[in-house]
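Worksheet: one structure, shown below.
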Amino acid sequence: MLIFTSTIFSKWAIFFKIVKNFKNLLGLFFSGFLIFINWAVWIYAVATDRIIDASFGYFIMPIMSVFFGYLFFKEKLNFKIILSIILVLCSIFYMLYEFKTIPWIGLTVAISWSLYNVCRKLIKVDTDIGLLIESFFIFPFALIALIYLFNIDVNYFSTNNISMMFLLVLAGPITVIPLFLYVKGVEKCGVGPSGMIFYI
C-alpha cells in the first residue's frame, strides 16, 4: 500500500512538472490534436461506409513511419527494409491506380498517425502521463460531440439502454490500453521498427 501511494504521488509530481513545461505541454497538445484527427476521420469513415479508404491509410502508415524514423531520428535502413519498402510502395501505387481518385481519408489517417508517432518519440514524458494530458486536451472536443449527438437524438449513452452504455464505457480502456502499449513501443524501439511491426 505504501509503495502504491508513493507511486501515485510520484506520478502526480511528474504530471505537474510537465504541465509547467510549456514546450512539453505544446507538444502534447499537438500530439493530442493529431490523435483526435486520426480517430475523428476513422469514425467518419465508418459512419459513411468508407472503411476501405481508412484501412488504406493504416496500410501506408508503416512506410511513412519508416521514412519519418529515418528523417527525424536517423534510424538505419538496411537492404531488407529498403526492399520491403519498395514492394509496399508498388502495392500502394497499384491501389492508388485502382481508387481512381485521391483517397483523402486514407492519407489523413496515415499522415496523422505517423506524425503522432514522431511527436510521442520527440516528447520526453512518461507514456501514461502523456496520454492523460492528451486526453485532457481531447476532452472538450469529445464533450462537444456528445452534446451534438444528444441534440440530434442519437445519443446511445443513457440509462434507457444499460447494455449499450456499458459497452461504450468499455470502449475507453479497449482503445487506451493498446495505444499505451504502442506508444511505449515507439518510445523504446523507434518509429520505423514500430511501423513495420504494425503490419503484424
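Key figures for this structure:
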{"item": "Restricting the range 45-77 to trypsin sites (Lys or Arg not before Pro) in coil, as DSSP defines it, with at most 14 other Cβ within 10 Å", "result": "LYS74, LYS76"}
{"item": "Pairwise Lys count, the range 21-134 - Cα closer than 17 Å, eight or more residues apart or different chains", "result": "4"}
{"item": "Alpha-carbon Rg with Dmax, taken over the chain, Å", "result": "19.1, 62"}
{"item": "Cα gyration tensor shape of the range 82-148, rounded if a/c is under 1.5, else prolate or oblate by comparing a/b with b/c", "result": "oblate"}
{"item": "Solvent accessible area, Å² - MET95, 1.4 Å probe, full protein context", "result": "60 Å²"}
{"item": "Heavy-atom surface of the chain, accessible at 1.4 Å and reported per residue (Å²)", "result": "65 Å²"}
{"item": "Estimated FRET transfer efficiency (CYS90, ILE162; beta-carbon r; R0 35 Å; 0.05)", "result": "0.10"}
{"item": "Relative contact order %, the chain, counting alpha carbon pairs below 8 Å whose residues are six or more apart", "result": "35 percent"}
{"item": "Where trypsin sites (Lys or Arg not before Pro) fall in DSSP loop in the range 89-163, at most 15 other Cβ within 10 Å", "result": "LYS100, LYS124"}
{"item": "Axial C-alpha extent at least 18 Å, average Kyte-Doolittle at least -1.0 - helices from the chain (DSSP)", "result": "2-20, 22-47, 51-73, 79-99, 104-122, 127-151, 162-189"}
{"item": "Accessible surface of TRP42 - all protein chains present, 1.4 Å probe, nearest 10 Å²", "result": "80 Å²"}
{"item": "Heavy-atom accessible surface of the chain: percent carbon and sulfur, 1.4 Å", "result": "77 percent"}
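The values are calculated or read from the model by the stated rules, or taken from the named source; none is laboratory data. Here the structure is a predicted model, which means the values were calculated and not measured. Note that each Cβ is placed from the backbone with ideal geometry, even for glycine, and that neighbours are counted across all protein chains shown. Side chains are part of the model used for accessible areas, which takes the heavy atoms of the whole protein and leaves out ligands, DNA and RNA. Shrake-Rupley method; radii C 1.70, N 1.55, O 1.52, S 1.80 Å.
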